[in-house]
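The values are calculated or read from the model by the stated rules, or taken from the named source; none is laboratory data. Keep in mind that this is a model prediction, so the values were computed, not measured. Methodologically, a virtual Cβ is constructed for each residue, glycine included, from the backbone with ideal geometry; neighbour enumeration extends over all protein chains shown. Keep in mind that these areas ignore ligands, DNA and RNA; they rest on the heavy atoms of the full protein, side chains included. Shrake-Rupley method; radii C 1.70, N 1.55, O 1.52, S 1.80 Å.
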Amino acid sequence: MATAQALTTSTLATDYEGLIKEDRVHGRLYYDPAIFQEEMEKIWHRVWVYVGHESEVAQPGDYITRRIGLQPVIMTRDEEGQVHLVLNRCSHRANMICVNERGNANFFRCPYHGWTFNNRGECLGVPFKKAYGESFRREDFPLAKVPRMDAYRGFVFGSLSPTGISLDEYLGVAVRYIDQFVDQSPEGEIELCAGTQKVRYDGNWKMQLENLPDAYHGLFTHESFMTLMKEKTGLDMTLIAGEKSPATSLYLGHGHTNLDFRLANRQMAKAMTLNLSGRPNAALQTYLAALEKRHGPERARQIIIDGSPHLQIFPNVILMQKQVRRIQPISADETYIYYQPAFLKGVAPEINAARLREHETFYSPAGFGNPDDVEMFRRNQLGLEARVNEWLILRRGIETERVDEEGVHVGHLIDEGQLRGIWRYYKELMLQPYNSTGE
Amino acid sequence: MTIDRYQIENFLYDEARLMDEHHYDEWLSLWTDDAIYFVPCGRDDADPTKEVSIIYDDRMRLEDRITRLKSGVAYAQEPNSRMRRVISNIQIEKRENGEVIVNSNFILPELRLHRQNIWAGRTIHKLRLENGGLKMAYKKVILINNDEELPELVFLI
């Protein structure tokens, strides 16, 4: 593999300066399998990647299996309550040691030759050990650990690079929007315990990455939903999501973005009473009361009006509305998306059930929104086959974008400064040489 | 007046044809006012109050679903899928309070924009007589791949 990589870089190095300009990017970035492989190494197997939430391994012995980029990992919780990230590969002959998506186990036994490991990854047993010789110590053959692991408010991230900036530094100001999401719970905690909707599409992973911070598409791709909303509730979505919206698009650094709808939501809240649609009133009162107990009446009301962020942590996790969403690249033209509705700790079951129904309206393979996005990703990939002029344009707001005192790039909601930010960071990562991580 | 097997089979075949041919309003008229249309996600016996679904529609959301499908701008069904489903293994599970619970299998080839998907699963219908005709009060569709990464599922299943 190292030889193949060296060949790629020495003879066929991709000219990322030529492919990524401030106001446009080249179509090749979305379909070239060599670029996809390079992204795995230089982005996904290097930066902090979201793996899972601590609530998914709530009990000692709980585990889930995920991938960091293309590499399979197991996230476990040991008997002392400690969370671990190990590679899902037997240290003996490389068998995937756990094929279940989740479960509870004190140890993992490889079905191939019976090597056994505890949920910290330590090797416990090697059958017929004698033949390995006197000097053999099973302690020298643990499951490989993900080199770095850290968590923020229950969100566990792993980095396959042994060196690099801390998670705190990586997330930067994005943490305040993680807080906005989690603080909707009166106990300040969310739980991912309500299942996962799984979606696939024939398109590059960056189509989802760019779609999430792109508010411009909403009024067109989702016209059917916007029209339905207007007919049913009288709510004119263009006031929130269109040119007149007071909402902003933010580029937060390190590829992270947020669409800050709080100003729009506050304006709407002034015009209407608190929107209680779909929520049982008594349960909502209890929810409000619980929030007030923790934060006081003013802040509690603010939390409800502000709602969720529209946050994307590069390269793979989204916190918005009721959901935590993960992006899983498969190949240059295939991607999986995982939606997990988040339950709020400390609210009545009716509130969480109503969150599920609200979520399903738009987000599901059979929802009123997500399938149309997926359809656009597919058509996007088809359009990329036209190669006379291969540029994709990213100019919206380029003359009005400003940078605030914290270095956050601020534009209008339906501008594209946040996408330009993602591409600047992408280019920075892709221009770094392989093995620049101290290996 | 009991509901006989012949009526039930005819109902299921008629419903299948309406779905295959995108006769949205006629399909909607098969539902009772207390309708529940349920496609579980992740596992066959998921509890919709505690677990996310692929579809969990009451009457109001069913109507919204149909309104959207008829809008002409529900792009994941523009153009429509071509479908011909086969309903088989029909088993009457039980009869109570004038209602009948029927289980059946389906296999559904779906063709859209050069790609053919094969969908399959088991359906549970709760049927009752209303104004002399059979209606659906509850329909649960158990896809064999409800825990897999799915493409768009915007047609009627």
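For region B:91-156, which whole-number percentage of the solvent-accessible area (1.4 Å probe, protein heavy atoms only) is attributable to carbon and sulfur atoms?
On the way: 1420 of 3080 Å².
Reported share for carbon and sulfur atoms: 46 percent.
Translational D (Stokes-Einstein, µm²/s) of region A:322-439 at 10 °C and 1.306 mPa s when Rh comes from the Kirkwood sum over C-alpha pairs?
Values: Rh = 18.4 Å.
After rounding, the answer is 86 µm²/s.
Counting only other chains, what is the mean number of Cβ atoms within 10 angstrom of the Cβ of each residue in peptide A:377-386?
Partner-chain Cβ atoms within 10 Å, mean over residues of A:377-386: 1.
Net charge near A:Pro111, counting Lys/Arg +1 and Asp/Glu -1 over other residues with Cβ under 15 Å of its Cβ? Let's see the in-between values first.
On the way: positive: A:Arg89, A:Arg93, A:Arg109; negative: none.
That sum, taken over residues with Cβ under 15 Å, equals +3.
Let me know the volume per residue of the alpha-carbon convex hull for region A:177-225, in Å³. Provide the component values of the computation, followed by the final result.
Values: hull volume 7.5 nm³, N = 49.
In region A:177-225, the Cα hull volume divided by residue count equals 153 Å³.
Other chains near B:135-147: what is the mean number of their Cβ atoms within 10 Å of each residue's Cβ? Don't jump to the answer; show the numbers that get you there.
Details: counts 0, 0, 0, 0, 0, 0, 0, 0, 1, 0, 1, 3, 4.
Average per residue, whole number: 1.
For chain A, just give the cysteines left without a disulfide-compatible partner, judged by no other Cys Cβ under 4.7 Å.
Isolated Cys, chain A: A:Cys98, A:Cys123, A:Cys193.
List, in the order given, every pair from A:Lys206/A:Lys244; A:Lys322/B:Lys94; B:Lys50/B:Lys126; A:Lys230/A:Lys427; B:Lys70/B:Lys94 whose Cα-Cα distance in the structure shown is over 32 Å. Can you show the working numbers first?
Working: A:Lys206/A:Lys244 28 Å; A:Lys322/B:Lys94 38 Å; B:Lys50/B:Lys126 22 Å; A:Lys230/A:Lys427 41 Å; B:Lys70/B:Lys94 36 Å.
Checking Cα-Cα distances, A:Lys322/B:Lys94; A:Lys230/A:Lys427; B:Lys70/B:Lys94 exceed 32 Å.
How about region A:297-357: which GluC sites (Glu not before Pro) there are in a DSSP loop, with at most 15 other Cβ atoms within 10 Å of their Cβ? All intermediate terms of the calculation are to be shown ahead of the outcome.
On the way: sites: A:Glu298, A:Glu334, A:Glu350; in loops: none.
Nothing satisfies the criteria.
For region A:89-149 and region A:16-81, what is the separation of their Cα centres, given in Å?
24
For peptide B:39-51, how many partner chain Cβ atoms fall within 10 Å of a residue's Cβ, on average? Don't skip to the answer; put the middle values down first.
On the way: counts 4, 1, 10, 6, 1, 0, 0, 2, 3, 4, 8, 8, 7.
Counting Cβ atoms of other protein chains within 10 Å of each residue's Cβ and averaging gives 4.
Please tell me the relative contact order of region A:13-164 in percent, rounded to the nearest whole number, where contacts are Cα pairs under 8 Å and at least six residues apart. If you can, show how the numbers build up before the last one.
Values: 273 pairs, mean separation 33.0, N = 152.
Over region A:13-164, the number comes to 22 percent.
Let me test this: with uniform point scatterers at the alpha carbons of chain B, what is the Debye-based log₁₀ I(q)/I(0) at q = 0.10, 0.14, 0.19 1/Å?
Each listed q maps to, in turn, -0.35, -0.71, -1.37.
Share of region A:127-204's accessible area from carbon and sulfur, percent, 1.4 Å?
Working: 1880 of 3630 Å².
Carbon plus sulfur share of accessible area: 52 percent.
Give the angle, between 0 and 90 degrees and rounded to the nearest 10, that separates the Cα long axis of helix A:262-271 from the longest principal axis of the Cα atoms of chain A.
With both axes taken from Cα atoms, the answer is about 30 degrees.
Between A:Glu189 and residues 5 or more places away or on another chain, which pairs have amide H atoms under 5 Å apart, with H built 1.01 Å from N, and which residues are they?
Sorted by chain and number, the residues that satisfy this are A:Lys345.
Measuring from the lowest to the highest alpha carbon on each principal axis, how far does region A:191-336 reach, largest first, in angstroms?
49, 33, 30
Taking 8 Å as the Cα distance limit and 6 or more residues as the minimum spacing, I'd like the relative contact order of chain A as a percentage. Provide the component values of the computation, followed by the final result.
Details: 829 pairs, mean separation 89.4, N = 439.
Normalised by residue count, the contact order of chain A is 20 percent.
So what are the three principal axis dimensions of the protein assembly as shown from its Cα atoms, in whole Å, longest to shortest?
82, 69, 60
May I ask you to list the trypsin sites (Lys or Arg not before Pro) in region A:44-117 that are in a DSSP loop and have at most 11 other Cβ atoms within 10 Å of their Cβ? It would help to have the intermediate numbers written out before the result.
Numbers: sites: A:Arg46, A:Arg66, A:Arg67, A:Arg77, A:Arg89, A:Arg93, A:Arg102, A:Arg109; in loops: A:Arg46, A:Arg89, A:Arg93.
Loop-located and lightly packed - A:Arg93.
Using a 1.4 Å probe on the heavy atoms of the protein chains only, list every residue of region A:326-366 that has 50 Å² or more less accessible area in the complete assembly than in its chain alone.
Flagged in region A:326-366: A:Arg357, A:Glu360, A:Pro365, A:Ala366.
Rounded if a/c is under 1.5, else prolate if a/b is larger than b/c, else oblate: which is region A:39-173, with a ≥ b ≥ c the root eigenvalues of its Cα gyration tensor? List each step's numbers first, then the result.
Details: a/c = 2.15, a/b = 1.61, b/c = 1.33.
The shape class here is prolate.
Using only Cα atoms, what Kirkwood radius does region A:376-437 have, in angstroms? Before the final figure, lay out each step's value.
Values: mean 1/r = 0.0700 Å⁻¹.
Final number for the Kirkwood radius of region A:376-437 is 14.3 Å.
Suppose we take every Cα in region A:110-160 and form the convex hull; what volume per residue is that in Å³? Show your work: numbers first, answer last.
Details: hull volume 5.2 nm³, N = 51.
Each residue corresponds to 102 Å³ of Cα convex hull volume.
May I ask you to list the GluC sites (Glu not before Pro) in region A:357-392 that are in a DSSP loop and have at most 10 other Cβ atoms within 10 Å of their Cβ? Don't skip to the answer; put the middle values down first.
Details: sites: A:Glu358, A:Glu360, A:Glu375, A:Glu385, A:Glu390; in loops: A:Glu385, A:Glu390.
Listed in order of number, the matching sites are A:Glu385.
Taking θ as phi - 60°, what are the ³J(HN,Hα) couplings along region A:242-259 by the Karplus curve (6.51, -1.76, 1.60), each to the nearest whole Hz, with x for Gly and Pro?
Taking θ as phi minus 60°, the curve returns x, 4, 8, 5, x, 6, 10, 10, 10, 9, 9, x, 6, x, 7, 9, 9, 9 Hz for region A:242-259.
Once the Cα atoms of helix B:59-69 and of chain B are each reduced to a long axis, what angle between those two axes, in degrees from 0 to 90 to the nearest 10, is obtained?
Approximately 40 degrees, to the nearest 10.
When ligands, DNA and RNA are left out and all protein chains stay put, how many square angstrom of accessible area per residue does the protein assembly as shown have with a 1.4 Å probe? Present the calculation step by step, with values, prior to reporting the outcome.
Values: 26240 Å² over 596 residues.
I get 44 Å² per residue for this part.
Report the accessible surface area buried between chains A and B, summing both sides, using a 1.4 Å probe on protein heavy atoms only, in Å² rounded to the nearest 100.
Working: alone 20470 and 8840 Å², together 26240 Å².
For A against B, buried area totals roughly 3100 Å².
Explain nothing, just the number: relative contact order of chain B, from Cα pairs under 8 Å at least 6 residues apart, as a whole percent. Walk me through the intermediate numbers first.
Values: 266 pairs, mean separation 39.5, N = 157.
The normalised contact order for chain B reaches 25 percent.
In nm, to one decimal, how far is the modelled label at A:Asn100 from the one at B:Thr49, with both set 7 Å along Cα→Cβ?
2.7
Given the DSSP H assignment, sum -39500 (n - 2.57) over each helix run of at least 4 residues in chain A and divide by its residue total; what's the result at 222 nm in deg cm²/dmol, nearest 500? List each step's numbers first, then the result.
Working: 16 runs with 142 residues, N = 439.
Theoretical 222 nm ellipticity from helices: -9000 deg cm²/dmol.
Calculate one ³J(HN,Hα) per residue across region A:291-303 by plugging θ = phi - 60° into the Karplus curve 6.51 cos²θ - 1.76 cosθ + 1.60, and present them in order as whole Hz with x for glycine and proline.
5, 5, 4, 7, 10, x, x, 5, 5, 4, 5, 4, 4
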